[in-house]
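The values are calculated or read from the model by the stated rules, or taken from the named source; none is laboratory data. For clarity, every value in this text was computed on a predicted model and none was experimentally measured. With ideal geometry, Cβ positions are generated from the backbone for all residues, glycine too; neighbour counts draw on all protein chains shown. Heavy atoms of the whole protein, side chains included, go into the accessibility calculation; ligands, DNA and RNA do not. Shrake-Rupley method; radii C 1.70, N 1.55, O 1.52, S 1.80 Å.
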Amino acid sequence: MMPQTLPARVCSHCDGFPVVHITAGTAPDGKRLTLAATCPACKGTGSNIARLARRAEVSA
């Protein structure tokens, strides 16, 4: 019999990629300028555990 594991609690909004960098052009010296964008649902954690905890607090 195989052991059962808990399902992965990956954020459904970002699929576990909570921070992405968006290219915003190039600087005069040739370096690439980027902006970091964080997932608003998981706030950059990549998991939905914190969101589930907040939902439980609200419903209690």
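Of note:
- Residue list for segment 28-48, restricted to those being loosely packed, with under 13 Cβ neighbours inside 10 Å and either charged (D, E, K, R) or at pLDDT below 85 (or both): ASP29, LYS31, ARG32, LYS43
- Segment 13-25 residues that are more than 17 Å from CYS42 (Cα to Cα), paired with ones that are open to solvent by 70 Å² or more (accessible area, probe 1.4 Å) (beta carbon under 7 Å, 6 or more apart): ILE22/THR34; ILE22/LEU35; THR23/ARG32; THR23/THR34; ALA24/LEU33; ALA24/THR34; ALA24/LEU35; GLY25/LEU33
- Subset of segment 1-27 [in a loop (DSSP other than H, G, I, E, B), at pLDDT 85 or above and open to solvent by 100 Å² or more (accessible area, probe 1.4 Å)]: HIS13, ASP15, PHE17
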